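The values are calculated or read from the model by the stated rules, or taken from the named source; none is laboratory data. Bear in mind that the values here come from a model prediction, so they are computed numbers and not experimental data. For neighbour counting, all protein chains shown are included, and Cβ atoms are generated from backbone atoms with ideal geometry for every residue, glycine included.
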Amino acid sequence: MQVYIINLDRSPGRMAFMRQQCEALSLDFERIPAVDGDTIDAETLARHGLSVGATACFMSHRLTWERLLSSEAERALILEDDAVLQPSLADLVRNDDWFPANADIVRAEATGQKQILSLDPIEIPGGRVLRQLYSDCWGCAGYIITRDVARRLLAMTEDFTEAVDMVVFSNEFVAQARVYQMAPAPVMQKSTVQELAVGDFQSTIDLDRFDGSRKRERFSVRSYARKIVWEITRPFRQAITLYRRLAGIDRFKLDQVEFG
């Protein structure tokens, strides 16, 4: 399995942290130079209607999907550069025979958020299981994606208007793709928990989601309106998704995935 690490040129400390982890685990990886928000023009920002950080983050993930398609790999583990890795992740990367034939994405990250997950686990090496994801969730610090889904996501996100995690792990997308959550999860983003986001590991992507007291970047009126509509309609979209995807209420539960 290929491993890609998304990293800004101006964040060498974060890359050093990732390199140290990967070398300790004997994991080969390829660095993907992240899109720097300072280089994005006003017209592009206005078209997407997101913060500078969220726009640059999405563009960086798109670059990584493109890199997967230009390779010969069937799938890849995509990591953001503030991801903490459990040692057992290395074995899963080196031998990916465990990866389900019907899987589109395997989410390897724990965020502390409760998710709706299936009660029919698939056992994989290292004492972990895969449970199908039935609800939206935030975070794209660590996930495994197939080239087929990378192609689909690139086609459907040319004019993205939401943050990358709100597309890849949205109710709409998990309803049309087969997404599994790994549990316990071997990846955790340091900035997921605000008290861990100090010094060089303050998120270079979008800290706004973690701390409402921080100075926020300017959003367009259209962006604010879209986000309000998104939040208001979220329960209805989630209910529709569950109705469409689930045959019985005893097949899933709201659960929190641990990091380990």
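The number of residues in the range 77-117 being crowded, with 19+ Cβ neighbours inside 10 Å and over 17 Å from residue 21 (Cβ atoms) comes to 9.
Looking at 150, 163, which is the one that is in contact (Cβ under 8 Å) with a residue 40 or more places away in the chain, crowded, with 18+ Cβ neighbours inside 10 Å, among the aliphatic types (A, V, I, L, M) and assigned to a loop (DSSP other than H, G, I, E, B)? Let's see the steps before the verdict.
Working: 150 fails: assigned to a loop (DSSP other than H, G, I, E, B).
163 is the lone residue from the list that is in contact (Cβ under 8 Å) with a residue 40 or more places away in the chain, crowded, with 18+ Cβ neighbours inside 10 Å, among the aliphatic types (A, V, I, L, M) and assigned to a loop (DSSP other than H, G, I, E, B).
Picking from residues in the range 104-128 that are over 21 Å from residue 149 (Cβ atoms) and hydrophobic (A, V, I, L, M, F, W, C), the one that is modelled with the highest pLDDT is 110. Of the helices (runs of 4 or more DSSP H) lying entirely inside the range 1-88, the ones with 2 or more residues being in contact (Cβ under 8 Å) with a residue 12 or more places away in the chain and under 21 Å from residue 157 (Cα atoms) are found at 42-48, 52-70. Going by the conditions given, is residue 133 crowded, with 20+ Cβ neighbours inside 10 Å and not charged (D, E, K, R)? Against the criterion (crowded, with 20+ Cβ neighbours inside 10 Å and not charged (D, E, K, R)), residue 133 qualifies. Scanning the range 107-142 for residues that are in contact with a helix residue (DSSP H, G or I) (Cβ under 7 Å, 6 or more places away or on another chain), under 27 Å from residue 56 (Cβ atoms) and either free of Cβ contacts under 8 Å to residues at least 24 places away in the same chain or not in a loop (DSSP other than H, G, I, E, B) (or both) turns up just one, 133.
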